[in-house]
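First up is the structure itself, then whatever we jot down about it.
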Amino acid sequence: MDLPKEIEILFRENSELAKKLSEEISKLTPKVIEKTGLERIKIMNFCGTHEWTTTHYGIRSLMPEEVELIAGPGCPVCVTPSSDIKNMIKLAMDGYVVYTFGDAYKLPTVSHYKEGIGSLASAKASGADVRIVYSFVDAIEDAKTHGKPSVFFGLGFETTAPSYAVLFKKEVIPKNLMFYSSLKLTAPAAIYAIKIHKMSKRSPVSGVIGPGHVSTIVGSKGWDFFPEEFGIPAVVSGFEPVDILTAVLTILKDLYTGKAKLTDLEYKRVVTRDGNIYAQDAVREIFRTTDTIWRGIGNIPNSGLDLRDPFKEFNAKLQLNIKENPWDYDLPPGCKCNEVTLGTAYPTDCPLFMKACTPSRPWGPCMVSLEGSCAVWARFGSSQRVLNLMKEVRE
Ligand code: SF4
């Protein structure tokens, strides 16, 4: 049998094991509550795909009432600031060929570049040359064929950054193609989210499901700070239902024993302790860390990446003199994406969810990408909250 199928059988279709895990979770939860004095056990994920698995497979419905699974900042498209989208629209309207991934193509700005133009999609509709690509390689190949001044909209987290870095290392970028970096780093935003919960009157985050994809690059050691600095157990988890249930049970066990630790064994089929050293070196060589704006949240120090000086000829912001203005609140009226992204609200807490904001007509950024929490909940939300809302809409 091939490995992917074996993994599927073990981690996705293994309903017997899933049942046992959820029973163990139910048994252990009251003991943890009693021992720790916590009212609720809040477990946060930092990856859009974890939110997808949790929602798609209805894992919340298997949790005892006191265990709350919440989403953190795990969708790069959702947190791309409105100012970056507007800058890209302006470049497209000024005659540059703009390359973008499909989900960023539909991202709405908070205020229109000019009437009727509030996304790269609408810029294209008014005649701009905006091209959707699947990768930076596609953009490079295409830019070479026409030779026109072009800009690539570089979004993503640590997982995507190496795919850009290796191409700069290989010196294959044509002179007519510039790079606009909107790259972001997960750890500073995760720390920010944990602190928000800690400082507010809400119950603090008690455990973390570490992002599996990002961990393939940074290694599980990238999350040592959760137990070491915050005393919170963390589990680097895979993306199948059994992975998530195992992660939750492991966190509960750690809370019960009072020994917060990082567990990287859960996803050892993919993640190593040190991660992908080649990718880390490539990113370090090409990019430097910068402060950057997260949509709806504001500036988070040292949470972004931009090209280093030796590559400045490709840096669209430098070459085209694009100034980064101080952050101005950049969500559309009524949108609660900032709260959804930081795990202080569920998508269904937004009054616009599935009313004025739907996957086919997104009002806010969390409804655009397939990994945005609102889009995930809109497509797969089978929880009581979504059912209640649908009932309310029908009435
Ligand atoms: S439902 Fe739409 S408007 Fe509401 S928080 Fe989500 S993206 Fe924003």
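The values are calculated or read from the model by the stated rules, or taken from the named source; none is laboratory data. The structure displayed is predicted, hence computed values, not measured ones. In this analysis, Cβ positions are derived from the backbone assuming ideal geometry, glycine residues included, and neighbour counts consider all displayed protein chains.
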Legend entry - Hey, Asn321 surrounded by fewer than 19 Cβ atoms within 10 Å (Cβ to Cβ), on the phi > 0 side of the Ramachandran plot and either within 16 Å of the ligand (Cβ to nearest atom) or part of a loop (DSSP other than H, G, I, E, B) (or both) or not: yes
Inset, instruction - Could you tell me which of the residues Tyr113, Tyr99 is closer than 23 Å to Ser360 by Cα, surrounded by 19 or more Cβ atoms within 10 Å (Cβ to Cβ), at pLDDT 95 or above and of a type in the set (Ser, Thr, Tyr)? - result: Tyr99
Inset, instruction - Identify the residue in the stretch 199-218 that is small (Gly, Ala, Ser) and part of a helix (DSSP H, G or I) and, among all such residues, is surrounded by the fewest Cβ atoms within 10 Å (Cβ to Cβ). - result: Gly212
Inset, instruction - Check the stretch 325-345 and report whether any residue there is at positive phi, at pLDDT 95 or above and part of a loop (DSSP other than H, G, I, E, B). - result: yes
Inset, instruction - Kindly indicate whether any position in the stretch 372-385 is within 16 Å of the ligand (Cβ to nearest atom), of a type in the set (Lys, Arg) and at pLDDT below 90. - result: yes
Legend entry - In the stretch 219-260, residue surrounded by the fewest Cβ atoms within 10 Å (Cβ to Cβ) [restricted to those that are over 22 Å from the mean Cα position of the chain (by Cα), farther than 20 Å from Glu24 by Cα and charged (D, E, K, R)]: Glu229
Inset, instruction - Identify all residues within the stretch 347-364 that are more than 7 Å from the ligand (Cβ to nearest atom), under 24 Å from Ala190 (Cβ atoms) and without any contact (Cβ under 8 Å) to a residue 40 or more places away in the chain; write none if there are none. - result: Asp349
Inset, instruction - Sort out which residues of the stretch 324-340 are buried (at least 16 other Cβ atoms within 10 Å of the Cβ) and either within 8 Å of the ligand (Cβ to nearest atom) or of a type outside the set (D, E, K, R) (or both), and write them in order of number. - result: Trp327, Leu331, Pro332, Cys335, Lys336, Cys337, Asn338, Glu339, Val340
Legend entry - Of the criteria (1) over 19 Å from the mean Cα position of the chain (by Cα); (2) away from the ligand (no atom under 12 Å from the Cβ), which one Gly343 fails: (1)
Inset, instruction - Answer yes if at least one residue in the stretch 291-299 is crowded, with 20+ Cβ neighbours inside 10 Å and more than 16 Å from the ligand (Cβ to nearest atom), and no otherwise. - result: yes
Inset, instruction - Within the stretch 250-276, track down each residue that is part of a loop (DSSP other than H, G, I, E, B) and among the aliphatic types (A, V, I, L, M). - result: Ala260, Val270, Val271
Legend entry - Enumerated helices (runs of 4 or more DSSP H) restricted to the stretch 1-96, each holding at least 2 residues that are in contact with a Lys or Arg (Cβ under 7 Å, 6 or more places away or on another chain) and modelled with pLDDT of 95 or more: none
Inset, instruction - Return the pairs, sorted by first residue and then second, in which the second residue is part of a helix (DSSP H, G or I) and of a type outside the set (Lys, Arg), the first residue lies in the stretch 10-34 and is at positive phi, the beta carbons are less than 7 Å apart, and the residues are 6+ apart or on different chains. - result: none
Inset, instruction - Among what's in the stretch 15-33 and is over 27 Å from the mean Cα position of the chain (by Cα) and surrounded by 15 or more Cβ atoms within 10 Å (Cβ to Cβ), pick the residue that is nearest to Gly258 (Cα to Cα). - result: Val32
